[in-house]
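The values are calculated or read from the model by the stated rules, or taken from the named source; none is laboratory data. These numbers were taken from a predicted model, which means no experiment stands behind them. Cβ: placed from backbone, ideal geometry, glycine included. Neighbour counts: every protein chain shown. Please note that ligands, DNA and RNA were not included when accessible areas were found on the heavy atoms of the full protein model with its side chains. Shrake-Rupley method; radii C 1.70, N 1.55, O 1.52, S 1.80 Å.
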Amino acid sequence: MTVTRADTLCELLAGVDPGNDRPFLLDADGGVTHTYADAARRSSQLAHALAARGAAPGERVAMQATKSPEALMVYLACARAGYVLVPMNTGYTADEVAHLVGDAHPAVVLDDAALASLATEADGCPDVFDTYPAGPDDLAAILYTSGTTGKPKGAMLSQRNLASNSATLAGLWGFGDGDVLLHALPIFHTHGLFVATNCSIANESPMVFLERFDADEVLRALPRCTVMMGVPTFYTRLLAHPGFDRERCAAMRLFVSGSAPLLASVHDEFRDRTGHAILERYGMTETSMLTSNPLDGDRRAGTVGFPLPGVDVRVVGDDGASLDAGVVGGVEVRGPNVFAGYWGRPELTATEFTVDGWFRTGDVGTFDADGYLHLVGRSKDLIITGGLNVYPKEVEDVVDAIPGVLESAVVGVPDPDFGEAVVAVVVASGDGPLDAARLRTSAREHLAPFKVPKRVFVVDALPRNAMGKVEKALLRRQFAEQDGDPR
Ligand code: AMP
């Protein structure tokens with residue numbers, strides 16, 4: 001039975017039990033590598049091994065490890081023993097890791113080598129562990145997030161934050177008997193670690209657990225899977241694969257996308273190719289998931305759907321007052337999913353919440369008349385040119401629709417006249433010539449003059465981070481000084 005209400009991870013993850021012989025992890029060919037009982041035993045052993053290294057309830061266990069079943073078992077060990085997991089992006093450099101470790105003061109730090117030796121120590125440990133009775137307000141994890149600027153800050157996520165959100169999603173997305181989740185996401189980020197993993201465990205169903213997204217391997221696994229969660233890049237890569245078709249998706253019931261905007265054109269092409277409308281949802285490290293398109297009902301491309309049950313989302317103006325449908329403003333959220341604050345940063349935490357307790361997401365968007373939320377960008381990506389606001393998404397949508405354009409990113413760069421100038425960085429589709437001057441002429445047909453990109457750069461690919469987000473800060477730096485150069 002799927003857990004659809006939970007206040008602690010132990011309630012949510014109750015299926016990880018020595019008496020539960022259901023399959024838990026599968027390889028790409030469907031072979032069972034771990035049952036739920038295996039996971040219960042292994043996570044207990046690891047909980048003991050971590051205790052022997054000095055971990056205690058409430059203390060941090062930091063991990064920067066290659067994705068593997070054993071790394072996942074460390075998460076389950078922490079949930080069982082009340083240790084606060086601090087997963088670290090595998091892309092972080094030694095300096096970044098040193099900063100995080102200095103900030104989080106973990107009792108145990110695991111890299112690949114340390115995890116391997118912990119695993120050896122765990123082999124000799126008892127395979128039962130008395131579950132720590134964590135309360136809903138106890139910390140479960142600290143996830144470091146930087147957006148694209150500044151030093152990473154640790155988002156403190158409580159047991160309730162994580163458990164309530166995953167239980168809600170498992171219910172909302174119809175998890176039930178027979179589901180098999182395709183898991184190709186990293187497990188240092190909320191999407192792969194909590195959304196995907198927790199929904200599957202709440203349902204006591206198996207996951208095909210892949211180390212990374214590899215289109216060939218995903219295609220091999222797909223016929224045995226019913227649900228896939230991915231970042232938009234996964235879907236564009238699947239569409240680029242000639243072997244990806246309806247037949248491969250015959251067993252699938254749901255494709256979910258999030259962490260970065262899914263292009264409407266990708267949504268449409270995916271539906272044409274597979275018959276499936278990708279369900280787009282929106283969330284962030286600090287708040288877990290906030291909104292989702294409906295499971296039953298119209299999944300609207302270019303929108304992130306409705307607020308989740310129990311989660312309040314509002315769009316406000318500069319004065320903090322709620323705005324009407326159709327008006328663009330700051331997105332704020334309140335609910336059991338919203339984090340407890342930034343680790344060791346009470347002043348920063350205070351500035352990110354309103355006096356009446358809403359968290360300012362930093363995203364800018366608007367609800368339409370039917371209640372779907374549309375995101376138009378991050379507030380820090382807002383371009384102010386000659387005193388006028390330009391939302392990058394509006395310009396990107398116009399540029400993307402111009403023949404010859406595959407995708408674009410629009411950023412503001414310093415400009416002596418206007419303060420900031422609108423600049424478009426464009427990837428050609430290869431279907432025809434792409435000329436920057438013609439692109440600006442086409443954009444002028446749809447956009448007020450101040451929104452039309454002053455300069456256009458054609459690049460081979462947009463820089464993206466591991467979660468598929470376009471690195472706009474990098475683009476701003478890269479193109480700050482350059483003249484547009486038609487190709
Ligand atoms: P992170 O904390 O790394 O998960 O990043 C959270 C940010 O990703 C959000 O604040 C949004 O700006 C962005 N994001 C997540 N999901 C979506 C989505 N479906 N569409 C557009 N942006 C998204």
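The value of relative contact order for the stretch 9-281, using C-alpha pairs under 8 Å at least six residues apart, is 19 percent.
Around the Cα centre of the stretch 382-478, unit charges on the Cβ atoms of Lys, Arg, Asp and Glu (plus for the first two, minus for the last two) sum to a dipole of about 220 debye. Would you mind working out the accessible area per residue for the chain, using a 1.4 Å probe, and quoting it in Å²? It amounts to 40 Å² per residue over the chain. Each residue, Ser379 and Ala116, gets one label point 7 Å from its Cα in the Cβ direction; the gap between the two is 4.7 nm.
Between Asp17 and Ala215, residue separation times 0.36 nm minus the direct Cα-Cα distance comes to 68.0 nm.
Arrange the peptides 262-272, 412-422 so that the one whose residues have, on average, the most other Cβ atoms within 10 Å appears first.
262-272, 412-422
Taking only the C-alpha atoms of the chain, the Rg (one decimal) and the largest Cα-Cα distance, Dmax (whole number), read 22.8, 70 Å. Summarising the amide proton neighbourhood of Phe457: residues at separation of 5 or more, or on other chains, whose placed amide H is nearer than 5 Å comprise Ala424, Val425, Val426. Once neighbouring chains are kept in place and the probe is 1.4 Å, which whole percent of the accessible area of the stretch 283-367 is contributed by carbon and sulfur? Here it works out to 53 percent. When its C-alpha radius of gyration is set against 2.2 N^0.38 Å (N residues), the stretch 322-366 gives a value of 1.26.
Under 5 Å between amide hydrogens, built in the peptide plane, is the criterion, and for Gly377 it picks out Val364 among residues at least 5 positions away or on other chains. Packing here is the average count of other Cβ atoms within 10 Å per residue, and on that basis the peptides 288-297, 320-329, highest first, run 288-297, 320-329.
Taking θ as phi - 60° and the Karplus parameters 6.51, -1.76 and 1.60, the scalar couplings of the stretch 83-93 work out to 7, 9, 6, 10, x, 10, 3, 5, x, 5, 7 Hz in sequence order, x denoting glycine and proline.
Over the chain, DSSP H runs of length four or greater, each weighted -39,500 (n - 2.57), average out per residue to a 222 nm ellipticity of -8500 deg cm²/dmol.
Under 5 Å between amide hydrogens, built in the peptide plane, is the criterion, and for Met63 it picks out Val86, Met88, Leu110 among residues at least 5 positions away or on other chains.
Full extension of the chain segment joining Leu295 with Ala448 gains 51.4 nm, where the gain is 0.36 nm per residue of separation less the Cα-Cα distance.
Judged by the mean number of other Cβ atoms found within 10 Å, the most tightly packed of the peptides 379-387, 151-159, 99-107 leads the ranking 151-159, 99-107, 379-387.
Centroid-to-centroid, using Cα positions, the stretch 125-185 and the stretch 63-77 are 13 Å apart. Per-residue 3J(HN,Hα) values for the stretch 257-270, derived from phi via the Karplus relation 6.51 cos²θ - 1.76 cosθ + 1.60 with θ = phi - 60°, read 10, x, 5, 7, x, 8, 5, 4, 5, 5, 4, 5, 5, 5 Hz in sequence order (x marks Gly and Pro).
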